[in-house]
Amino acid sequence: MPDKLPVLLDCDTGIDDALAILYLVNSGLCDLVAVGSVHGNVTALTGARNTIRVLDVAGLSGIPVVVGADRPLAQPVDISAHIHGADGLGNTNQPAPSADPAQGEAAQQIIRLARERPGELTLLAIGPLTNLGLALLLDPDLAKLIPHVVVMGGAAIAPGNVTTHAEANIWHDPEAANLVFTAGWPVTMVGLDVTMKTLLSEADQKRIEDSQRDTARFSWDILQFYLDRYQEFMGFRTCALHDPLAAGIALERSFATYRKAELRVELRGEHTRGMTVADLRPGRQAESPVELALQVDAEAFREKFLDTIC
Ligand code: BDR
Ligand code: CA
């Protein structure tokens with residue numbers, strides 16, 4: 001049995017973040033070292049409190065969860081309550097978390113842990129990238145200390161989900177995202193190119209509904225709001241496993257196939273601010289390439305996800 005992967009998680013715990021956390025901690029493959037929260041689906045404080053709620057469901061205590069940035073670097077904050085509910089967990093009226101967030105701040109926590117464990121930690125970011133951007137600005141050596149960053153966000157070829165070209169996590173802080181994609185550390189982008197292919201089918205939903213495990217009961221409860229929202233724009237009852245897929249790929253890269261390319265975030269476009277612009281022209285030499293997940297074995301991932309949750 002290989003050692004568990006030490007993961008430092010950055011998230012804006014709404015519905016699919018919650019599913020990703022349950023997946024990580026039940027996978028048997030992950031050592032969840034610490035968590036930082038960020039604005040996005042909810043405020044950073046609510047995100048931290050929701051993370052502790054989710055860890056409570058998994059029966060885990062003692063994993064440090066700190067609050068991070070409550071606003072983007074260069075634009076007003078914009079919370080996605082319409083997708084995740086005012087509480088971020090589908091308005092399900094969950095019990096209070098068992099503990100308060102830990103002392104400290106998310107960007108500082110990234111720097112501290114990266115310095116304590118140089119070359120060891122996988123940084124998994126499933127919310128807007130403000131904390132990572134701040135950490136890079138505060139510590140110019142950070143990029144050398146983290147061997148792998150996995151980002152749920154962006155779209156290399158697929159359309160956006162907030163605007164025609166922008167995906168939500170990038171849209172919420174394009175400047176921070178651009179810092180992360182150009183920092184020179186190894187980044188894998190798990191964008192809408194692959195996450196919109198991992199849609200929960202009716203049979204998948206039935207499996208969650210029928211399972212008696214606490215993780216599945218909680219997941220089914222919070223999923224209702226998310227499924228309703230997806231029904232409005234997809235025309236059928238489903239949802240994408242955005243954050244769980246990024247978690248899955250961080251632990252087992254064989255779920256996807258990849259292509260390396262130079263990637264920039266559009267910061268000024270009249271219609272395209274927040275777009276991830278990948279240079280996919282043949283024969284281009286990328287200076288500091290980002291690894292783009294472009295194809296996914298959706299069947300294999302959904303099966304693994306359901307086995308883990310149910
Ligand atoms: C991303 O945006 C958020 O709403 C989800 O939690 C996910 O991280 C998908 O675009
Ligand atoms: Ca998220």
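The numbers here are math on the coordinates, done by the rules we state, and not lab data. The model shown is predicted, which means the values in this text are computed figures rather than measured ones. Virtual Cβ from ideal backbone geometry, glycine too; neighbours counted across all protein chains shown.
When you restrict to C-alpha pairs under 8 Å that are six or more residues apart and normalise by the size of the chain, the relative contact order lands at 20 percent. Looking at the square roots a ≥ b ≥ c of the eigenvalues of the Cα gyration tensor of the chain, which shape do they give, rounded for a/c under 1.5, prolate if a/b is larger than b/c, or oblate? Rounded, because the longest to shortest axis ratio a/c is under 1.5. Each stretch of four or more DSSP H residues adds -39500 (n - 2.57); spread over every residue of the chain, this sum gives -11500 deg cm²/dmol at 222 nm.
Can you give me the C-alpha center-to-center distance between the range 289-310 and the range 20-66, rounded to a whole angstrom? Cα centres, the range 289-310 to the range 20-66: 20 Å.
Its Cα gyration tensor gives the range 185-310 an equivalent ellipsoid. The semi-axes, each the square root of 5 times an eigenvalue, are 32, 18, 11 Å from largest down.
Using the count of nearby Cβ atoms within 10 Å as a rough guide to exposure, how do LYS4, LYS304 rank from fewest to most?
The order, fewest Cβ neighbours first, is LYS4, LYS304.
Between LYS206 and ASP100, the C-beta separation translates, for a Förster distance of 30 Å, into a calculated FRET efficiency of about 0.20. Hey, how many Å between the Cα centroid of the range 235-268 and the Cα centroid of the range 82-120? Their Cα centres are 21 Å away from one another. Restriction of the chymotrypsin sites (Phe, Trp or Tyr not before Pro) in the range 183-242 to DSSP coil positions whose beta-carbon has at most 16 other beta-carbons within 10 angstrom yields PHE236.
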